[in-house]
Amino acid sequence: MVPRDLTAGLVVFVVALPLCLGVALTVGDPVPLVAGILTGIVGGIVVGLLSGSNTSVSGPSPALTAVIAAQVALLGSFDAFLLALFFAGLIQIALGFGRAGFLSAFFPSSVIKGLLSAVGVLLILKQVPHVLGHDTDPVGDMSFEQPRDHENTFTALLQTLYDLHPGAAIIGLVSIGLLVMWEYSKFLKRSGLPAPLVVVAVGIVVKLLFDAIGGAVDIESSHLVNVPMKRDEFLTFPDFAQWTNPSIYTAALTIAVVASLETLLNLSASDKIDPRQRQSPPNRELIVQGVGNALLGLIGGIPMTSAIVRSSINIGAGAQSKLASITHGILLAGCVLFLPFVLNQIPLSCLGAILVFTGIRLASPAMIKRMWQEGPYQFIPFIATMIAIVCTDLLRGILIGLGVGILFILNSNLRKPVRRVVEKHLGGDVLHIQFASQVSFLNRAALEKILHGVPRGGHVLLDASNTEYIDPDVLDLIRDFREEIAPAHGVQVSVRGFREKYRVEDDIQYIDYSTRELQDQLSAAQVLQILKDGNERFRAGRQLTRDLNRQVDLTSKGQHPLAVILSCIDSRTPAEIIFDLGLGDIFSVRVAGNVISANVLGSMEYGCAVAGAKLILVVGHTRCGAVTAAVDLACSQANPGEATGCQNIEKIITQVQQSVTDADRVSVAAASGEEKANIVDAVARRNVRNMVEQIQLQSQTIRDMVQAGKIAVMGAMYDIRTGVLEVLSDDTAIKSEERE
């Protein structure tokens, strides 16, 4: 891990050096160029040591250049600005201890991805001219994040076509070729050498070769990194005499807020592209950035933030820990102090190639395609952020992206403040209104429209079980509707899940379990329909909202089941679940193969004759293990007990085998896996019909109730693969004349 961090730190150092110089140069007088390098050193060493992030690299922020220039002009001197920077650092420390880092959780992922893609586009636009040797200033105008002069930017791109430097262009194109080779060659990737480092080394060698050749390919100083050679007056100190100037504190607050927001956003972006997906502590980062900026205010630097370009290059170079950031800071300090002449041999076209390749990775077509596939709520904020940053600057672009994202969030909340479902409970239809996690005053109008739309005589359930916050205006609306509007329109209102502080106690008025009154009112056909509806809800994932604790209390006073269901013991066929039922709704009898016995018949008789159930439903299922065993044993004619090791299973197997035909025995012998499963399902189906018939043949009590029209005995098959219930017949009651 250490070698990879050291090489990553070296790569970041090579790219960060001209960026540090570029930011300081962009701000202009009276800010010295060395101020940008100081910021890179402190961002690497001090912040690197104290930060909780393993991948983020801090340095001078190009996005702050406009802020720096404006505040320096307002305060009148760089010394006074340094005092403001010192206080800005203290404000950031206070923000960190005040846990303001929570704001990072509110940055939408679409905005962060838009930032990354925009940075990629800007890298490509800004660095293509430098790759081809069109350098307009000593550091290649690499401070790409400041407010842009689009005319100059695109003019530079056009001028590149006819204003090339042959030597620099050759080095740039060779660098691109090397990077492509490293990207697609498994051998080169396994070599352990970082591609950017190789590119820089090759660039220096070729530059020295071109110097020897001379002529058109000779690389001039304007196409090279330009580090100041003089080390005197390296530090600048703040003017503490300005501490009574109110403008100092206004500037400090401005710098602190802008730098903190950019740091939090870039920190989130860095974490997203970290291959190990580690999470950096935002509050700690604010404190550390504050320490760094306060120190820079004391020694003559310019503001720093977590920098997405350096961080992405750091991650791309294989950094594993913050040792890479520390290494880059040490190298900045050492080389600027002792080896500036070596750094001044690096062609800017090398660095441009590295940055172009980084930009292609950040703004990949695959990323744009993924965002498009995620729909407009993700794609539009993403593309808005991307375009806004490219056309304006980083901070304005982020604010525009956040604004678009917030509009979509508000639109979503206004359109869908609640989830509405009409539930068919045993006592009638209930409009279930489930509130979102956060219900603000913005939702009041939409909710009022929904409540006033409840039909006269209807029943509505207001469910706040999953709600964390409800605005007082919305609570007033709920109370008014419940206490005044609903009674006037004959609407019943049930409520549940409201927090105690809202003073809205749970009150469920609808019937969601079987009562004596409901049982008396329903026929066998109606009970069957209830079971069908429940199975449909189960399959669709729209189970009714039930208060099972309430049902425990209410059914403790007595039970009034609607049906007796005989099903298999198979773990995939629990009747209460596949029919979406509550406590007290059915008597459930479960036995392997859903066969009958004296005990089973006695339970059924009690359920109908005493407890009042209106329907006996025999439920078989596909791929039944008991039926499969019966079919196999019928073919082999083996003894069930000996074959299975189960002492008392013979009676079950024997009953099921009554539904196995000679044709089944012949077919199973030559059947494949799926064909055999279909034969077993056919036997299970016949077994259900046979049990329906045997129940009425063997129980005089049940037979008499069927003949009197009090109950019905029916069969059904449940498909364990789809969850679908198929009723085998809507009228399988055996008539007395058929038996006679």
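Key figures
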item: Eligible lysines near LYS676 by straight Cα distance, threshold 25 Å, same-chain separation 8 or greater; result: LYS651
item: GluC sites (Glu not before Pro) within segment 494-581, DSSP loop, no more than 16 other Cβ atoms inside 10 Å; result: GLU505
item: Accessible-area order (highest first, 1.4 angstrom probe) of the listed residues ARG550, ARG190; result: ARG190, ARG550
item: In Å², nearest 10: area of ARG420 left accessible to a 1.4 Å probe; result: 150 Å²
item: Accessible area in the full protein assembly, largest first, 1.4 Å probe, for SER494, SER440, SER191; result: SER191, SER440, SER494
item: Kyte-Doolittle mean at least 1.6 and Cα axial length at least 30 Å: DSSP H helices in the chain; result: 2-27
item: The chain: relative contact order as a whole-number percent, Cα under 8 Å and 6+ apart; result: 15 percent
item: Accessible area in the full protein assembly, largest first, 1.4 Å probe, for THR250, THR392, THR622; result: THR250, THR392, THR622
item: Cα-based radius of gyration of segment 308-378 once divided by 2.2 N^0.38 Å, which approximates compact folds; result: 1.53
item: Low-density loop cleavage sites - chymotrypsin sites (Phe, Trp or Tyr not before Pro) in segment 463-506, where at most 10 other Cβ are within 10 Å (DSSP); result: none
item: Shape call, segment 624-671: gyration tensor on alpha carbons, a/c limit 1.5; result: prolate
item: DSSP-defined antiparallel bridges as percent of all bridges, the chain, nearest 5; result: 40 percent
item: Residues GLN543 and THR654, FRET efficiency given R0 of 35 Å [Cβ-Cβ distance, rounded to 0.05]; result: 0.35
item: Under 22 Å from LYS322, Cα to Cα: lysines that are on another chain or at least 8 residues apart; result: LYS272
item: Extension gain, VAL205 back to LYS272 (0.36 nm per residue minus Cα-Cα distance, nm); result: 20.5 nm
item: Rounded to the nearest 10 Å², the accessible area of MET705 at probe 1.4 Å; result: 30 Å²
item: Carbon plus sulfur fraction of accessible area for segment 624-680, probe 1.4 Å, in percent; result: 49 percent
item: Chain lengthening between ALA643 and LEU253 when straightened (0.36 nm per residue, less Cα-Cα); result: 132.0 nm
item: Cα gyration tensor shape of segment 455-568, rounded if a/c is under 1.5, else prolate or oblate by comparing a/b with b/c; result: prolate
item: Probe 1.4 Å, accessible area per residue of segment 536-695, Å²; result: 45 Å²
item: Helical contribution to [θ] at 222 nm, DSSP H n ≥ 4, -39,500 (n - 2.57), averaged over the chain, rounded to 500; result: -18000 deg cm²/dmol
item: Mean Cβ count within 10 Å, highest first, over the residues of peptides 166-172, 301-307, 679-685, 350-356; result: 301-307, 350-356, 166-172, 679-685
item: Sequence-distant lysines (8 or more away, or on other chains) whose Cα lies within less than 30 Å of LYS710; result: LYS424, LYS532, LYS557, LYS614, LYS735
item: Cα extents of segment 411-494 along the three principal axes, largest first (Å); result: 33, 25, 20
item: Option label - Cα extents along the principal axes in Å computed here, alternatives (1) 118, 72, 44; (2) 135, 83, 49; (3) 90, 85, 52; result: (1)
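The values are calculated or read from the model by the stated rules, or taken from the named source; none is laboratory data. Every value quoted in this text rests on a predicted model; they were computed, and no experiment measured them. Here the Cβ is made from the backbone with ideal geometry for all residues, glycine too, and neighbour counts use every protein chain on show. Just the protein is used for accessible areas: all its heavy atoms, side chains included, with ligands, DNA and RNA removed. Shrake-Rupley method; radii C 1.70, N 1.55, O 1.52, S 1.80 Å.
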